[in-house]
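I have placed the structure first, in the form of structure tokens, so that the comments after it can refer back to it.
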There are 2 protein chains.
Amino acid sequence: MRIYYSEDHRLHFPQAELSGGQFVTPFERPSRVEYVLTRLRERSLTDINAPAAVDMGPIRTLLDPGYLSFLETAWDDWKAEGMAGEIIAANVPARGMHMDRIPQNIDGKVGYYCHASETAITRGTWAAALSSVACAQSAQRHVAAGADAAFALCRPPGHHATADQYGGYCFINNAAVVAEMFRNSGAARVAVLDIDFHHGNGTQTIFYDRPDVMFVSLHGAPQETYPYFIGYADEKGAGAGEGANLNYPMTAGTGYDLWAQALDDAIARITAWGAQALVVSLGVDAYKDDPISFFKLESDDFTDAGRRIGRMRLPTVFCMEGGYAIEAVGVNTVNVLEGFKDA
Amino acid sequence: MRIYYSEDHRLHFPQAELSGGQFVTPFERPSRVEYVLTRLRERSLTDINAPAAVDMGPIRTLLDPGYLSFLETAWDDWKAEGMAGEIIAANVPARGMHMDRIPQNIDGKVGYYCHASETAITRGTWAAALSSVACAQSAQRHVAAGADAAFALCRPPGHHATADQYGGYCFINNAAVVAEMFRNSGAARVAVLDIDFHHGNGTQTIFYDRPDVMFVSLHGAPQETYPYFIGYADEKGAGAGEGANLNYPMTAGTGYDLWAQALDDAIARITAWGAQALVVSLGVDAYKDDPISFFKLESDDFTDAGRRIGRMRLPTVFCMEGGYAIEAVGVNTVNVLEGFKDA
Ligand SMILES: [Zn+2]
Ligand SMILES: [Zn+2]
């Protein structure tokens, strides 16, 4: 399986994550990727390539232009305003406020374009986010050209980023861009299967009213975990997209038996719907030792999950999402890929 | 003029405020009150009284019961979850998410009940907030019993707190509770005049659809400053409250000439409307040296403003709100009170 990876992910390394009322070293850190690379090489998955230059076309089509401009200049604007730290949102348009008025002030703009304050923007965030989505785009092109599958070792991840909001360590929604590119390259129906522990709120909202991209997510119940206010089972799509959104929220302590049942159901639904291409939001934070999650998957379970996904026999792009039990991230991620290959 | 003050404000002293991407010592700190007390005594305003016990009746009528329960138990719930720091919101229901689903998890609940992450909850916050509103209530009772005016030296302040959200250093909306109590004690129409530099979003939203309480605010334009997403001139009230909400947003650098014009207009509107009692949200962060504001009032201007307010000849309760140029907070606050007395 071909892998796309860019060293530029290292340009995004915030020093601080707001967690439990303190600043901690971010759970989403560059070393996560190093563990994946090491494990890929251990398992002789060595077709690791630098991505082609980013193609802003499908990104600009899918995402809000004001949001992209904001991301591009946020660091300079923040520093020009004399801010001492990294960019962390302190104010957002909250319940009872205007949701559609964008402040002129950079501190206010940050709040407008952010949905969670744990995520910092740094000097190198925009460049890293572009390198991440470039990996996803190269993987899509490789599959669109005939390969069975490809793995985009994206960092920063993407599935929490909406068309106009960052948060949850995500800035540009890589999986959504891949799905859009599959549509452009001829797939009439594209499914995004999100197996990250957290609900892929960004991907869901981007495609919520579209009938041509199905979003399916297995995740911790929103009453109990981030992103808290989205990811319920009754979110089924809107308008023309009604029925093309499927959430499997599961409670704390969920093990592989229950999780695999949800996966099988998800796969059956994707198959019945007639997807012609598949994007997998590949987070491995459903792992039992993940520090910010509460599912109980074992490492071998990820192999089995990959096998089930592989049996769909769909052209597939894997986009790396979360996974914070650092030393196990490599094994679990590669287990999914190997299970897929062996299907 | 009688003053109500409780030492219990000191129970609320967060160590951290999220500002410019860093934790800084909170601008809203206990010493603010000490400067006011010192200045009151210098000017022989020594009728300083401890408040009577808080009366939860009007508070429970006006505010959301779930919110009050949350505030009461938040610290214990947060610590029971193993959180290391003070309570700081990292996630809120953002644009595109459910605004009406309350998480079970304390981290999620904090986000639900918060509208800005600069404000920390500490062990003593609930007790301090109750002591603050108790001061406001005692001041209201004193005026309802026949006094011309009283000053509630409230801390923490209140005007940013809505019926179910804290933020902007505020937890319980003291001014709103006073307005409600004026209604209960026989005033058919009550006006809240908010001269704090920041828009009183909490007070506005609490009374937005009510015809019996007029809210009038002079403040920094929301495009340029906190709370960013509310406080526009086109917010005029809703339903039966249409026309009973009046915002005067003003741009950076506004001096007393322009500000006093807005004040005169506000006073004319309150008078024409037929208010029978007045609550003044008395912030003094319109001062030229305030570190988080951008108006240019001089200390003498506060005396003149107090005089203009006094000429309304309405039974008046002053509730302390913001003001962060610490050493000038005392002079500027007392200047308003002295101007009022001399009107
Ligand atoms: Zn995740
Ligand atoms: Zn203020």
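The values are calculated or read from the model by the stated rules, or taken from the named source; none is laboratory data. It should be emphasised that the depicted structure is a prediction, and the values quoted were computed from it without experimental measurement. Note that each Cβ is placed from the backbone with ideal geometry, even for glycine, and that neighbours are counted across all protein chains shown. Keep in mind that these areas ignore ligands, DNA and RNA; they rest on the heavy atoms of the full protein, side chains included. Shrake-Rupley method; radii C 1.70, N 1.55, O 1.52, S 1.80 Å.
If you place +1 on the Cβ of every Lys and Arg, -1 on the Cβ of every Asp and Glu, and leave all else neutral, what size is the dipole of the protein assembly as shown about its Cα centre, to the nearest 20 Debye? I would put it at about 460 debye.
How far is helix B:31-42 tilted off the main Cα axis of chain B, in degrees rounded to 10, range 0 to 90? Between helix and principal axis, roughly 20 degrees. Here the label points at B:D300 and B:A252, each 7 Å from Cα along the C-beta direction, are separated by 2.8 nm in the simple model.
Using C-alpha pairs under 8 Å with a sequence gap of at least 6, the mean separation divided by the residue count of segment B:129-195 gives a relative contact order of 29 percent.
Ranking B:A272, B:Y324, B:T251 by Cα position along the charge dipole of chain B, where only Lys, Arg, Asp and Glu carry charges on their C-beta atoms, puts B:A272 farthest toward the positive end. Can you list, shortest first in nanometers, how far B:L258 lies from the same residue in the other copies, with each label 7 Å from Cα toward Cβ? For B:L258, the inter-copy label distances come out at 5.9 nm. Summing -39500 (n - 2.57) over the DSSP H runs of n ≥ 4 in chain A and dividing by its residue number, what mean residue ellipticity at 222 nm do you reach, to the nearest 500 deg cm²/dmol? About -11500 deg cm²/dmol. Peptide A:106-115 is shielded by partner chain Cβ atoms: per residue, an average of 4 of them sit within 10 Å of its Cβ. Within the listed set A:A84, A:A149, A:A136, the residue fluctuating most in the Gaussian network model of chain A (springs between alpha-carbon atoms under 10 angstrom) is A:A84.
Annotation for segment B:109-177: chymotrypsin sites (Phe, Trp or Tyr not before Pro) lying in DSSP loop with at most 16 further Cβ atoms inside 10 Å of their Cβ do not exist.
With every protein chain kept in place and ligands, DNA and RNA left out, what is the accessible area per residue of segment A:204-343? Probe 1.4 Å, answer in Å². Could you put the intermediate results ahead of the total?
Details: 4530 Å² over 140 residues.
I get 32 Å² per residue for segment A:204-343.
For B:Y232, the distances from its label point to the matching points in the remaining copies are 2.8 nm, ordered from shortest, with each point set 7 Å beyond Cα toward Cβ. Annotation for A:G274, label-to-label distances across the other copies: 6.7 nm (shortest first, one decimal, point 7 Å from Cα along Cα→Cβ).
Every Cα-Cα pair in the protein assembly as shown was counted, and those over 37 Å apart are 41% of them.
For the pair segment A:94-159 and segment A:256-330, the centres of their Cα atoms are 21 angstrom apart. Atom-type composition of the exposed protein surface of the protein assembly as shown places 46 percent of the accessible area on carbon and sulfur (1.4 angstrom probe). Coupling constants for segment A:328-334 follow from the phi torsions by the Karplus curve (6.51 cos²θ - 1.76 cosθ + 1.60, θ = phi - 60°), and in residue order they are 8, 4, x, 4, 5, 5, 5 Hz; glycine and proline get x.
Partner aspartates and glutamates whose Cα lies under 14 Å from the Cα of B:K288, excluding those fewer than 8 positions away in the same chain, are identified as B:D196, B:D257, B:E298, B:D300, B:D301, B:E327. Across A:D289, A:D257, A:D100, mean-square fluctuation computed from a Gaussian network of chain A (C-alpha pairs under 10 Å connected) peaks at A:D100. Placing pseudo-labels 7 Å out from each Cα toward the beta carbon at B:R308 and A:E42 gives an inter-label distance of 7.2 nm.
Note: relative contact order over chain B, using C-alpha pairs below 8 Å and six or more positions apart, is 18 percent.
Shielding value for A:116-123 is 3, the average number of Cβ atoms from other chains within 10 Å of each residue's Cβ.
How many percent of the alpha carbon pairs in segment A:61-136 exceed a separation of 14 Å?
Everything past 14 Å amounts to 63 percent.
Taken over the Cα atoms of segment A:203-279, the convex hull encloses 89 Å³ per residue. Using r as the Cβ-Cβ distance of B:I326 and A:Y232, and R0 as 35 Å, what FRET efficiency do you calculate, to the nearest 0.05? Efficiency at R0 = 35 Å is approximately 0.15.
Convex hull of alpha carbon positions in segment B:81-180: directionally averaged projected area 7.3 nm². For chain B, the average shadow cast by the Cα convex hull is 15.6 nm², which is a quarter of the hull's surface.
Using the Cβ-Cβ distance between B:R10 and B:A53 with R0 set to 25 Å, the FRET efficiency from 1/(1 + (r/R0)^6) comes to roughly 0.85.
Averaged over the residues of B:201-209, the number of partner chain Cβ atoms lying within 10 Å of the residue Cβ comes to 1. Report, in whole Å, the centroid distance computed from the Cα atoms of segment A:58-91 and segment B:179-253. Cα centres, segment A:58-91 to segment B:179-253: 31 Å. For segment B:4-99, the alpha carbon positions stretch 53, 38, 29 Å along the principal axes, listed from largest to smallest. For the chain pair A and B, the buried solvent-accessible surface (1.4 Å probe, both sides summed) amounts to about 4400 Å². Round to the nearest 10 and give me the degree value, 0 to 90, for the angle of helix A:65-80's Cα axis relative to the longest principal axis of chain A. Tilt of helix A:65-80: around 50 degrees.
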